[in-house]
Structures are given as C-alpha cells and as structure tokens.
Amino acid sequence: MRLINVNTLELEEFFGTKTPPYAILSHAWGEEEVTFQDWGRRGDNAIRSKKGFSKIVGACRRARADHLSYLWCDTNCIDKSSSAELTEAINSMFAWYHGSRVCYAYLADVDGMSTFTNSRWFSRGWTLQELLAPVEVVFFDKHWTALGDRKKLAGTLSNITKIHIGALEDRETIYEYSVAQRMSWAAERQTTRPEDIAYCLLGIFDINMPLLYGEESKAFTRLQHEIIKVSADQSILAWDLQDCGHSWTSALARSPSGFRFCGSIVRSEEFERAPYSITNVGISMKLILIPTLMQGVVLVGLNCAKELHKETPQKLPEGTKLRRHFRVWIPLRHLRHDTYARIHHRSSNIFLEHLYPSLVQSTPADLLLSLDTPPALTTHQFMKPAEILRRFSAHAPSGVFIKVASGKLTPHGHAFREVYPLGDVVFIQLKRRDISTSSHQLVSCGVFTIIFSVLWDKNGSLQEWLYTTMFDPKLKYASQMTSQPEWSCLFEAYGHTQTSQCCNSAIAIRSLHGRLQQMNRELLGSYRKEGKDPVVMVEDNPLKDVFGKKELIVGVVFRETPELN
C-alpha cells in the first residue's frame, strides 16, 4: 500500500501490520486528476496547477491538522498502468478504507450545507464503499469547510442515498443486511466504466474476483455468481424488471438498478434456508412451488420477505420494533424436465395472502433455474396491454402494498372455504407517492382490475383512500384509458404533482372514483349478485417500511375461477 507522507509529499510503500495510521481521501473524480506518473513530476507547474493536485494537498493539510502523517488517495497512490496492481488495489480497497483512521469526503461541487444534498458524490458507484467502510467519515465542501460527520448526518445521508440508517451509524452491521438490500444501495449510482458497477461492490459483499475490463455487464453477472457461492440468501433473486417489452430474462439481474425497490426485502428465518448452488447451466435450488392457471407458469417462494413495521401506542425498549414479514414469491416458466426460466409476466415479485400458500396445492421441488434468456420468448402476446400501462406509469412505489389470493371465503370473509390457483396477476404502480399528492396502483387478474388511490398529506401520512373494481378482461379498458384525457391524472407520465391540479385533493379523488364506479356498475352487476367479484380487505392501520414511509396494507381475493391461459 502506497501512502503520501503529508509533510514531504513523497510516496512511501508499506506492507501488512507495518502500515502506519493514515487518513484517506474520498472524492468524485473530475477533470484534471493527478495520476501516479504525474505525482512523480509534481514539481512541474503544469502538474501543480491541476485541480486534482490542490485537492490532494488540501487533504494532506487536513491530515496534518488531525496529527496524522500519512494519506491515501485513489488517483495517485495506484499505478494504474499495471493491471496486476490495479486488480490488487480494487480487491483491497474496501479493507483500506476500513483500516483508515478517518476518511475525508471532499465535495467539490458543494458550497455550504445548502447544496449538500445535490452533490455528484452521492451518485457515484465507488463512493458507496467510501461512505460505509471507514470508522469515521467527515464531509467537506469545496473550501475545505467541515460540514459534519457520517454519524451526525446519518438521517440526511439515509434520505439522500436510501442506505439504511443502521449501516450508516454502525459500519459493522453492513453484512447483516440482505443481498437485495445491499444491492439497493447501489441502484441509483453510476460508474464511468460499466464493469465498475460490479467492482465497486466487491467489499460490500466481501468478495474477491479478477478484473476483466472489456467484459462490460458480464462483470455484474460474475459478481452475482460469486455471491451465490458463499451465501444462502435468495433475495438475490428478488429483483424487479423495469424495462418494457421483455418478459423473459436470466435468473440474475443485469445491474443493481433491478434492486431499486428492495430496501425492505430482508432475510427471513421463518423460511427454510436450503443450500443452493450455481452451475454452468443454471442455479440448482429446492423451492416451494405453487402451480398457476397460466400454462407452464409456477410461483416459487424465496427465503426472504418484505419487512414492514407496526406502530404501537406502548413504549417499546430502544431498538425494538413490531415486525411483519411478507414472503417474496417469483414467477417461473417451465422449459423442460426440471428446468425453469425467470419471467416477469406480468410481475417480478408477488406477495400472497398469509394462509393461501398452506391451503393451495404447493410442493417442495428440486429445480434448475436457467441463466439464459430464451431468445424466442423475450416477448409475450398477453403482455401488450400491461406494457402500454407501464409506459405511462411510475417506476416508484405508490404506497399501497397488495397481497393476493384466489378462492371462496366464508360468509364473514375471515377464512377460506375453498382455494383456486391464481391466474395472470399483474401489479402496476400507476402514479408514485409524494408529499401532498395522490398515488394510484392497479392490480388485475382474469376479468377484473382494481385501481387504488391514496391521498398523502404534507407529512407523508395517509389522508384518504378509495378503490374501484372494474370489469376489464386482459386489461383492455385500463390500457385504453392511457390515451383518454379524462383519466390522465391516474398516470405518472402526465405529471400532476401540485395539490391544485387534477386528483390531488380528497374531492377530486372521490370524483375520479365516482366516474370509474359509474362506468363499471352495470358490467359488474351479475358478478356481484353471484359473489364472484373480488373481495378487498384494507387494514385499519398502515405499516411503515424500513425507512419510515407508511404503506396501506390491502388484501385482495379473486373469487371467480379464471380460465386456463
């Protein structure tokens, strides 16, 4: 490990336990960075006039003030012309940040706290480990004015980065978070080279692997292979496909962005943690399998769950929360023999009513989850209406959490009298949750579509909710609504973010659902008389996700037996 002597500015090399105490510089790379070769010519005015040189000198000045004699910086302490040295450095970098006495996070685009949250530093891939690994991180603006440390700013940092506050307050808890949760920390981050979005996560997952620049997105696939080799955490499969027009995929995500909404997906001890392994053709697993009415499509239960928290009037011991876990189920399509493919038709993840899996026909099964994307099956004819809707919808949560089942209920609706296999269930976030606005979510199965609307107040709390059931075979009418101006307020693509606009008031939401109900009253009449319309059960009290945002908990039971597709 090379370190800069902050008094002489010479580079000195150290090994193992002989490494002295040192500070470390974290920054977003920009123009005029100083390389290892440049540092050897730092006497030249052309080098000394670079922005990168003054940045390093400023960090050395700060280290001297903190009574530290050495500093490490990623621009000039690594000889990047040596691929062997670069590989060793990147595989060691998390440990180097972890071993520092203090990390100086220099935000070159920040001038005081007023611009802190908009810094480019928070969007870069490499700065993720630089934020989490050190024992102490101190933030500085472009004038080297201290803004606060990681512990003091933990709440603000969590809001900016969507990193769990516990990981920011205690770096030793990083590995307690599920694979999906840690992936979600990188979901909104970018790197200059596509391979680096994988390489910057090596330390976050305690993985070492060779660097192969030129492999592009394959680097992230290799990272997931390595994680599976050492972890029984199936939340690595809980990612969501956001792109339109593709239903069939590999078992593994193409990038961390697929885990964008996995911040509340935790490992769960309630479900069996059976070992699984990766081979050259797929992932060999033993999973609980539930058949559906979609030909060849099954649901499999992972050993992870969405964790939501319940508020209680009683004061609980510090750190204690009332948790509820909702198991993650993903759809697969049978290909041949015991081989299945990951599909996202029509939803990537499904949550089932609590008792439904134990009542419906479910069996443990040994299966092989394919790593290939079947080229002839990347689109599906039944996806078209759903994909029309998705093009106008939000890639962000609506604040409505829906559990589904299919069957007949007892007269009071407290228990199942009979259960059916599920049909083609689809969930679409039509419009995201925001402050003082409404959000909308759609769930559909068979001939029924249900639209939920929630009005949120300025504190992000639920103010009012409504829902309407529509007779809508294969989402025909819902997809047509995207092009009809009278329904534009349902969809994210049309904006409507102000309280004075469209349906962002209680009166407007009631009017919207009044029109929806009027349109569907006659179509639903016979189904309601025969007790075949869906049963919707809304819990009295919302739950909170791991970031403290409230979610309305809704159970939907589809009572009409859908036809085999």
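The values are calculated or read from the model by the stated rules, or taken from the named source; none is laboratory data. Owing to the predicted nature of the structure, the values given are computational and were not obtained by experimental measurement. Here the Cβ is made from the backbone with ideal geometry for all residues, glycine too, and neighbour counts use every protein chain on show. When the accessible area is computed, the model is the full protein with side chains, heavy atoms only, and any ligands, DNA or RNA have been set aside. Shrake-Rupley method; radii C 1.70, N 1.55, O 1.52, S 1.80 Å.
Which of the residues spanning the stretch 325-371 are open to solvent by 50 Å² or more (accessible area, probe 1.4 Å) and β-branched (Val, Ile, Thr)?
Hit for the stretch 325-371 is Thr363, nothing else.
Restricting to the stretch 189-206, name every residue that is within 15 Å of Glu88 (Cα to Cα) and surrounded by 21 or more Cβ atoms within 10 Å (Cβ to Cβ).
Tyr199, Cys200, Leu201, Gly203
Yes or no: Leu475 in contact with a helix residue (DSSP H, G or I) (Cβ under 6 Å, 6 or more places away or on another chain) and over 16 Å from Ala508 (Cβ atoms)?
yes
Which one of Ala405, Ala478 is assigned to a helix (DSSP H, G or I) and either more than 22 Å from the chain's Cα centre (by Cα) or in contact (Cβ under 8 Å) with a residue 40 or more places away in the chain (or both)?
Ala478
Scan the stretch 428-437 and tell me whether some residue there is out of contact with any strand residue (DSSP E or B) (no Cβ under 6 Å at 6 or more places or on another chain) and open to solvent by less than 10 Å² (accessible area, probe 1.4 Å).
Scanning the stretch 428-437 turns up at least one residue that is out of contact with any strand residue (DSSP E or B) (no Cβ under 6 Å at 6 or more places or on another chain) and open to solvent by less than 10 Å² (accessible area, probe 1.4 Å).
Checking Arg62 against (1) modelled with pLDDT of 95 or more; (2) under 12 Å from Ile4 (Cα atoms); (3) surrounded by 18 or more Cβ atoms within 10 Å (Cβ to Cβ): exactly one of these is not met. Which one?
Going through the list (1) modelled with pLDDT of 95 or more; (2) under 12 Å from Ile4 (Cα atoms); (3) surrounded by 18 or more Cβ atoms within 10 Å (Cβ to Cβ), Arg62 breaks only (2).
Sort out which residues of the stretch 97-108 are assigned to a loop (DSSP other than H, G, I, E, B), open to solvent by 10 Å² or more (accessible area, probe 1.4 Å) and over 12 Å from Phe139 (Cα atoms), and write them in order of number.
Arg101, the sole residue that qualifies.
Report whether or not Gly423 is open to solvent by less than 30 Å² (accessible area, probe 1.4 Å) and within 24 Å of the chain's Cα centre (by Cα).
No; evaluated as a whole, the condition is false for this residue.
Which of the residues spanning the stretch 152-183 are among the basic types (Lys, Arg) and touching a residue at least 60 places away in the same chain (Cβ under 8 Å)?
Of everything in the stretch 152-183, those that are among the basic types (Lys, Arg) and touching a residue at least 60 places away in the same chain (Cβ under 8 Å) turn out to be Lys162, Arg171.
Please state which of the following conditions Gly446 fails to meet, knowing it meets all the rest: (1) at negative phi; (2) out of contact with any Ser or Thr (no Cβ under 7 Å at 6 or more places or on another chain).
If we test Gly446 against (1) at negative phi; (2) out of contact with any Ser or Thr (no Cβ under 7 Å at 6 or more places or on another chain), just (1) comes out false.
Give the number of residues within the stretch 204-237 that are aromatic (Phe, Trp, Tyr) and either modelled with pLDDT under 95 or over 19 Å from the mean Cα position of the chain (by Cα) (or both).
Count: 1.
Based on this model, can you work out whether Glu176 counts as out of contact with any Gly (no Cβ under 9 Å at 6 or more places or on another chain) and either farther than 30 Å from Lys306 by Cα or open to solvent by 70 Å² or more (accessible area, probe 1.4 Å) (or both)?
It is false that Glu176 is out of contact with any Gly (no Cβ under 9 Å at 6 or more places or on another chain) and either farther than 30 Å from Lys306 by Cα or open to solvent by 70 Å² or more (accessible area, probe 1.4 Å) (or both).
Considering (1) open to solvent by 80 Å² or more (accessible area, probe 1.4 Å); (2) in a loop (DSSP other than H, G, I, E, B), say which one Gly30 fails and leave the rest.
Exception for Gly30: condition (1).
Read through the list (1) touching a Ser or Thr at 6+ places or on another chain (Cβ under 9 Å); (2) crowded, with 17+ Cβ neighbours inside 10 Å; (3) assigned to a strand (DSSP E or B), then give the number of the only condition that Val546 fails.
(3)
Taking the options Asp111, Asp149, Asp141, name whichever one is acidic (Asp, Glu), free of Cβ contacts under 8 Å to residues at least 60 places away in the same chain and surrounded by 16 or more Cβ atoms within 10 Å (Cβ to Cβ).
Checking each option against the conditions leaves just Asp141.
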